[in-house]
Amino acid sequence: MVCELGQCDGSGWIEVDPTTARPCGCREIKARRAASRRLGTGIPKRFRGVGFDRKPIADMDQQLLRPIRGFVRNIGRNLDEGHGLWLYGDVGTGKTSIAMLVSKAVLEAGRSVAIYSMPRLLADIKETYEESSQRSYMQLFERLCGVDLLHIDDLGAEKRTEWVLEQLYAIVNERWQEQRSMVVTTNLIDPEELRAQIGARTVSRLTEMCVQIPLMGRDKRSAASDLEVAA
Ligand SMILES: Nc1ncnc2c1ncn2[C@@H]1O[C@H](COP(=O)(O)OP(=O)(O)O)[C@@H](O)[C@H]1O
Ligand SMILES: [Mg+2]
């Protein structure tokens, strides 16, 4: 290993005298980078170029995109007021692309975002239970609840267990209480199925926090629900 600051021998320690050493500044840089990697933050490579003028979003129904444009235009205010988006519909209708576009706008506005798929989120929570874990459950929970936007992709695609329902509710409820914004995508369209899969309490909180945007495929032009967010 090489020291990024060129100050130590790569071990993260600088020898003061033969019996003592002090920590090198590169230790903190490494720790910070590892923490942000673990948080699943940042836009995945495939979606980095996402934009209204690029495929697949450029090919989408412009009427359908209006509320999204409005949401992005007022991203700061929407975050401050805890408004979010709930994108639902069939596979391949652009949900993930739109959610990534919103997250990108959040980052460009200088605000923080954590992007997770449900399986990754659950794996990160489980990891905090390991004895070797670098952070506690509370540290992760506080980060998940502290970012300006929590973006969860493919909600409901995970295996449903009581533990999963509890984890999800704890996070969504905390963000709801603190009026912090969330963007979620899901293939679950039927409200009954949705409640069965992710829990009625969580659905109820998300419904309050998020404007629902149906994306049902090209041929079925679907109108977005009336917006209560700043547009
Ligand atoms: N950069 C891209 N250029 C062109 N098409 C893309 C790009 N990224 C995704 N797509 C396509 O756009 C469609 C919507 O993708 P996605 O946003 O992942 O939808 P969903 O999350 O609703 O399943 C898919 O058919 C996908 O293959
Ligand atoms: Mg998707």
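Computed from the coordinates by the stated procedures, all read-outs in this text should not be read as laboratory data. Nothing here was measured: the structure is a model prediction, and the numbers come from that model. No Cβ is skipped: glycine too gets one built from the backbone with ideal geometry, and neighbour counts run over all protein chains shown.
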First check a/c for segment 96-191, with a ≥ b ≥ c the square roots of the eigenvalues of its C-alpha gyration tensor; if it is under 1.5, answer rounded, and if not, answer prolate when a/b is larger than b/c or oblate otherwise.
-> oblate
Which residue, Leu64, Leu155, Leu85, tops the fluctuation ranking in a GNM of the chain built on C-alpha contacts under 10 Å?
-> Leu64
Stretched out fully, how many nm does the piece from Asn173 to Arg73 gain, at 0.36 nm a residue minus the Cα gap?
-> 33.3 nm
Long-range amide H partners of Ser133 with built H, under 5 Å | none
If amide H atoms are built 1.01 Å from N in the plane of the peptide, which residues on other chains or at least 5 residues away come under 5 Å of the amide H of Leu149?
-> Ser112, Val113, Ala114
Karplus ³J(HN,Hα) for segment 120-130 (6.51 cos²θ - 1.76 cosθ + 1.60, θ = phi - 60°; Hz, whole; x = Gly/Pro) runs 5, 4, 5, 5, 5, 5, 4, 4, 5, 7, 5
Pseudo-spin-label distance Val16 to Arg195, built 7 Å along Cα→Cβ, given in nm, is 6.3 nm
Which net charge results for the neighbourhood of Gly49, defined as the other residues with beta-carbon distances under 14 angstrom from its beta-carbon, given Lys and Arg at +1 and Asp and Glu at -1?
-> +4
At 0.36 nm per residue, minus the direct Cα-Cα distance, what do Asp9 and Lys126 gain on full extension? Give it in nm, one decimal, please.
-> 38.7 nm
Quick one: among Trp13, Trp163, Trp86, which has the greatest mean-square fluctuation in a GNM of the chain with alpha-carbon springs under 10 angstrom?
-> Trp13
Report the residue, chosen from Pro67, Pro23, Pro56, that carries the largest GNM mean-square fluctuation when the chain is represented by alpha-carbon nodes joined by springs under 10 Å.
-> Pro23
Amide H within-cut-off set for Leu85, under 5 Å, with H built and near neighbours excluded = Met182, Val183, Val184, Val211
Sparse-neighbourhood loop hits (GluC sites (Glu not before Pro), segment 138-190; DSSP loop; Cβ within 10 Å at most 15 others) -> Glu178
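Is it possible to state the helix-based mean residue ellipticity at 222 nm for the chain, with each DSSP H run of 4+ residues giving -39500 (n - 2.57), the sum divided by total residues, to the nearest 500 deg cm²/dmol? What is it? The partial results should precede the final answer.
Details: 9 runs with 100 residues, N = 231.
That calculation yields -13000 deg cm²/dmol at 222 nm.
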Residue by residue through segment 147-152, the couplings from Karplus 6.51 cos²θ - 1.76 cosθ + 1.60 with θ = phi - 60°, in Hz, x for Gly and Pro, are 5, 5, 10, 9, 10, 10
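For segment 97-139, what does the alpha-carbon gyration tensor say about shape, rounded, prolate or oblate, given a ≥ b ≥ c as the root eigenvalues, a/c under 1.5 as rounded, and a/b over b/c as prolate?
On the way: a/c = 5.05, a/b = 2.12, b/c = 2.38.
Note, shape of segment 97-139 comes out oblate.
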In nm, spacing of pseudo-spin labels at Arg48 and Trp163 (7 Å Cα→C-beta vector) = 3.5 nm
